[in-house]
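Following: one structure in structure tokens, then a few remarks.
The values are calculated or read from the model by the stated rules, or taken from the named source; none is laboratory data. These numbers were taken from a predicted model, which means no experiment stands behind them. Please note: Cβ atoms are built from the backbone with ideal geometry, for glycine as well, and neighbour counts cover all protein chains shown.
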Amino acid sequence: MAWTAPRTWVAGELVTAALVNVHVRDNELAIGPHLIARKTADESTSSTTLQNDDHLLTPTIPLNEVWLLEWALTAVSAAGAFKLAVTFPSGTFSGAITGVSGDLFVSGNGTVTNTQTASSNTATDGMAHRLRGVFTCGGTGGVATLQWASSAGTNVTMKANSTLWGVKLA
């Protein structure tokens, strides 16, 4: 949604839903990223197979929409080894991930298959990760889903209050 200059109301003017939607709702949506999902409980695994996160996924993104998406994550791993990826419906994603070793998360089409290995110092120290980028949905709408796993077969926990933020750009 694009910003629309707010309307100056006139005394006695009939305010309709269409006017309120454009001048209030749509402008609030255009202000910036909004909380889409919050992890409500810790989730753990020792599997090295990427799994869909139970909480950190978008609602269905309609075809041809453009979204700025940002995942703010805290993960804990005694072995200091965890990997993550995001799957998308058809379209393109261009962004970066911070808090990982190795190369930055790169752009891709549809399912982004490259994963990055991250590390934390001890079982009690959380490692912060931030994935941010722009997703342009292609000809088929769908859900963008965070996936994560252990990269060493040892326990890793995605902590409660990790979040997904987003804003529709077009």
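Kindly evaluate GLY12 against the criterion of being under 20 Å from MET127 (Cβ atoms) and modelled with pLDDT under 90.
Details: under 20 Å from MET127 (Cβ atoms): no; modelled with pLDDT under 90: yes.
Answer is no for this residue.
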Go through segment 11-43 and count every residue that is basic (Lys, Arg) and part of a loop (DSSP other than H, G, I, E, B). 1
Looking at ALA72, ALA41, can you tell me which residue is closer than 24 Å to VAL156 by Cβ and more than 11 Å from the chain's Cα centre (by Cα)? ALA41
Qualifying residues in segment 44-63 (those that are β-branched (Val, Ile, Thr) and assigned to a strand (DSSP E or B)) - the one farthest from the chain's Cα centre (by Cα): THR45
